[in-house]
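Inspection log for the structure reproduced underneath, given as structure tokens.
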Amino acid sequence: MRWTLASVALLLACSELAAQGKGKGIRLWNLTTETMSGFQLSPAGKDAWGPNQTLNDRDKEVDHDERLRITGVEPGRYDARVSYRDARQCLVRGIDIKADAVFSIADKDLKDCNK
């Protein structure tokens, strides 16, 4: 009887993990006119920048109209630091990131750009 209950519990846990793994995850859609060479997230208003997410891409950059899988980030509200090949960096504030969803960044979203 114990083995049966343990087996059922294990099956339920495995099927729940499998269901969670079916989603496509969080993805960024680069709608800016340039290729991103860096993309970091911070909880909104914290300036605690996480790792460069562009390293998740095969060529380590995110071209215009390309999507990038975002890892190690929970759904919530974030600020982003976007970097370009010419050393320019811009901020995007207050991005609402949802589980298994795509969020986009366009030129109009870029603020406080500097070189």
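Just so you know, all these numbers are worked out from the coordinates, no wet-lab data involved. Here the structure is a predicted model, which is why all the values come from computation and not from measurement.
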Point to revise | Per-residue ³J(HN,Hα) for the range 89-94, Karplus 6.51 cos²θ - 1.76 cosθ + 1.60, θ = phi - 60°, Hz, x for Gly and Pro | key: 10, 9, 10, 10, 9, x
Practice item. Divide the volume of the convex hull of the Cα atoms of the range 24-114 by its number of residues and quote the answer in cubic angstrom per residue. Key: 86 Å³
Point to revise | Phi-based couplings in Hz for the range 46-63 (Karplus 6.51, -1.76, 1.60; Gly and Pro marked x) | key: 9, 6, 10, 6, x, x, 5, 6, 5, 5, 6, 8, 3, 9, 6, 9, 10, 5
